[in-house]
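Enquirer: Here it is: the structure, laid out below.
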Amino acid sequence: MIRSTVLASLAFAGWLSCALPQAAFALADDNRLVALNPAAATERRDMTPVDMIELPRLDGIRVSHDGRSALVQRVSTDWAEDENETGYWLWQQGQTGLVHQPDLDAADRVVFSPDGRRIAAEIAPEGSSNDEVYIRDLDGGELERLTRHPTAVRSITWSPDELFVYYIASDARSEAERERRSTTHIVDPYYESTRRRHLWRVRVDSGVRQQVTQGELHVRGYHLAANGAILVRVSTETHPDATYQSELMVAAGPSEPFRRVTSNNWPEANARLSPDGRRIAYRARLGQDGLDYVQEKLVVLDLEGGVTRVLAPDASWEVDGFAWLPGGASLVVAVRDGVRSGLVRVDVDAGSLTVISLEDRALVDWSLADETGEVLALFQTEASNGDLWRVTPDGESERLTTIGAATVSAFNRPQQQRVEWRSHDGAVIEGFYFPPLRAGDGPPPLVVQIHGGPRSSDQFGQWKWSRYVPVLAAEGYAVLWVNYRGGVGYGDEFMRGMHGEYFAHADRDVLTGVDHLLASGLADPDRMIISGWSAGGHMTNRLITQTDRFAAAMSGAGAVDWAVHHLTSDVRGARRLLFDADVWAEGAYDRAFVPQSLLRDLHAVTTPTLIFAGEDDERVHPSQSIMLYQALRNLGVEARFYLVPGEEHSFSAPRHRLFRLNAELDWYGRHTGGPDRDWQAPPVPLADD
């Protein structure tokens, strides 16, 4: 539904005044402008769970081809509707603020035309849940509906000549199929409900649609080169596992035949044609023998010679994204490098690397202007939950906003201290220590928070609601983050420290970090908490079977039976690489899965454990948490389990997020001798239906 301009603007303005008493934003009289450099708060206070959850943030960016305009996504919290809202705000060179575009708030994707004068958006029309293509002038005017496609459109892109908008859509059901679904075939078969998707285009001046790809293919992605060439990534099957069997096909134009250009055993993620259409770049997890449990590499395929090369194969960082620079001789690459993430430039022919922005901060999102090669990037630091920067291919940078810094300036926050130590085998492990806001008598209680993934890493910045570090620090806790083996940003050998044996090193990487803090007098050994979500939940479940040194634990969406987890998850590809096996293969169950099953060791648990799971979680099925709870309950271990309705792998409803933080703080306090605390209520009642 397209929200009205008045209601959307008033809701945003009202939410700002509720969230930040010390106004960190300069709003124009029409409530549609946020100053690029607002004044910081004049007073600070401790952050509460409600503050953490409703903290507004810049979260996404898309720049125009000439770099003069950008649409910035801004996420806010609507307590009355119990949802998070994403609004689009326009940045333009020479302007002093971000201008709200309320008619785009319902859009799932917005893209600029090549000349930067128009935008196209994916929006569901009134009374429908399926997105259609809408267009309008950038400077304003009414959104014009361009398509009436029988199924939802997705992944829209303007053609280089601006005559068409391309998109992907699922095949429509026939009239006979629709009749059967409404009468007899009322339940879809499990895991077979996704219909084939094809590439389409719609003419902007007439709305006439044309199907570009044909046949028994499933289009998973595409890209248009400046010279008109089309690249598609396809598979023959539609289920999620089939993404690992995808291949690339190229056509000289929409009316030309497609030819297959890859034949391998790995997915070609984010495949992009060079501006001249001669090369393809993509990301892949490539080791010596092809697909492997290693970091994402940058791969370039020469279409004329058919030669495939991995650029910078020995780099310690993981490739997180990339974009071709004008001319196609080099690329800007987003990388995760330990506790930092940023941008480097890679010369395609020479393979040489130039760091253009890699500092003590985390890259949230970025977008490259095709004509200039300049990047607009959102960075997060310990003192900002997201600000906009301009970065040139030569490494020059300019800060464009202080919105994120002003947003968090109203709150007391702990220092984010990078720490490192040696694990049991001498390997150097890196992480972060956050001291409590106020020193007490003796070492503070410690909350160890384990990141998910495990293909991930903790980086600079402390503003994730699920970690709520400033809240914990205000409550008197110290916090430890650990970049354990199996994660990214430290090279393939570090990552493969988990390959084949999940807890070969990772659990001891965490425990030696705890020992390091204890030896330094930075934590109280009798008041320690272990916690984590997803892969962090796996780690929590492992550690409570190995030691009784933690006063309490929180396990969110964690696994205890690897075999059942492998079979009930919606995807298996990454786990197949990790365990180097499938549970149904001959001998694999006994060889790879049973010896590592945490069920074998649950009898040793004594740690009071708080457990969360989303009722609709398809990634880590809630049966894993149910098994953990039933085992602990029958063992006589204090445990409490919340199976949260309507939630998937990560909680999205603000009230469920607040419930989780309240429950965790209550659990931690009761088991570390802290004072009784009142659970914080939502600041606004739910709206009437």
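Enquirer: Given the criterion part of a strand (DSSP E or B) and either surrounded by fewer than 19 Cβ atoms within 10 Å (Cβ to Cβ) or at pLDDT 95 or above (or both), identify the matching residue among Gly386, Gly395, Gly373.
Expert: That would be Gly386, the only listed residue that is part of a strand (DSSP E or B) and either surrounded by fewer than 19 Cβ atoms within 10 Å (Cβ to Cβ) or at pLDDT 95 or above (or both).
Enquirer: Sticking with this one: In the set Ser113, Ser155, Ser129, which member is loosely packed, with under 15 Cβ neighbours inside 10 Å and either over 27 Å from Asp51 (Cα atoms) or of a type in the set (Lys, Arg) (or both)?
Expert: Ser129
Enquirer: Could you figure out which of (1) under 24 Å from the mean Cα position of the chain (by Cα); (2) touching a residue at least 60 places away in the same chain (Cβ under 8 Å) isn't true of Thr372?
Expert: Checking Thr372 against (1) under 24 Å from the mean Cα position of the chain (by Cα); (2) touching a residue at least 60 places away in the same chain (Cβ under 8 Å), the one that fails is (1).
Enquirer: Return the pairs, sorted by first residue and then second, in which the second residue is modelled with pLDDT of 95 or more and assigned to a loop (DSSP other than H, G, I, E, B), the first residue lies in segment 528-552 and is over 11 Å from Leu598 (Cβ atoms) and among the hydroxyl-bearing types (Ser, Thr, Tyr), the beta carbons are less than 6 Å apart, and the residues are 6+ apart or on different chains.
Expert: Filtered contacts from segment 528-552: Ser534/Gly452; Ser534/Ala557.
Enquirer: Filter segment 588-629 down to residues that are free of Cβ contacts under 8 Å to residues at least 40 places away in the same chain, in a helix (DSSP H, G or I), over 23 Å from Ile529 (Cβ atoms) and not hydrophobic (A, V, I, L, M, F, W, C), then give me how many there are.
Expert: 5
Enquirer: So how many residues does segment 544-564 have that are buried (at least 24 other Cβ atoms within 10 Å of the Cβ), part of a helix (DSSP H, G or I) and not β-branched (Val, Ile, Thr)?
Expert: Residues meeting the conditions: 1.
Enquirer: While we're on this one: Here are some conditions: (1) within 30 Å of Gln210 (Cα to Cα); (2) of a type outside the set (A, V, I, L, M); (3) part of a loop (DSSP other than H, G, I, E, B). Gly305 meets all but one. Which one does it not meet?
Expert: Every listed condition holds for Gly305 apart from (1).
Enquirer: Here is a follow-up. Being buried (at least 21 other Cβ atoms within 10 Å of the Cβ), part of a loop (DSSP other than H, G, I, E, B), at pLDDT 95 or above and under 25 Å from the mean Cα position of the chain (by Cα): is that true of Met52 here?
Expert: no
Results for (1) part of a loop (DSSP other than H, G, I, E, B); (2) over 17 Å from Val165 (Cα atoms), shown as yes or no for each residue.
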| site | (1), (2) |
| --- | --- |
| Leu199 | no, no |
| Gly207 | yes, no |
| Arg220 | no, yes |
| Ala226 | yes, no |
| Arg233 | no, yes |
| Thr238 | yes, yes |
| Ala242 | no, yes |
| Ser255 | yes, no |
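Enquirer: Moving to a separate point now. Which numbered condition trips up Ile280, out of (1) in contact (Cβ under 8 Å) with a residue 60 or more places away in the chain; (2) β-branched (Val, Ile, Thr); (3) under 23 Å from Ala334 (Cα atoms)?
Expert: Exception for Ile280: condition (1).
Enquirer: Condition first: among the hydroxyl-bearing types (Ser, Thr, Tyr), within 30 Å of Arg591 (Cβ to Cβ) and over 23 Å from the mean Cα position of the chain (by Cα). Can you find one or more residues in segment 417-434 that meet it?
Expert: Yes; the residues of segment 417-434 include at least one that is among the hydroxyl-bearing types (Ser, Thr, Tyr), within 30 Å of Arg591 (Cβ to Cβ) and over 23 Å from the mean Cα position of the chain (by Cα).
Enquirer: On to the next question. Given (1) surrounded by fewer than 23 Cβ atoms within 10 Å (Cβ to Cβ); (2) among the hydrophobic types (A, V, I, L, M, F, W, C); (3) closer than 30 Å to Val344 by Cβ, identify the lone condition not met by Phe503.
Expert: Only one criterion is unmet by Phe503, namely (3).
The values are calculated or read from the model by the stated rules, or taken from the named source; none is laboratory data. Being a predicted model, the structure only gives us computed values, none of them experimental. We place every Cβ from the backbone using ideal geometry, glycine too, and count neighbours over all the protein chains shown.
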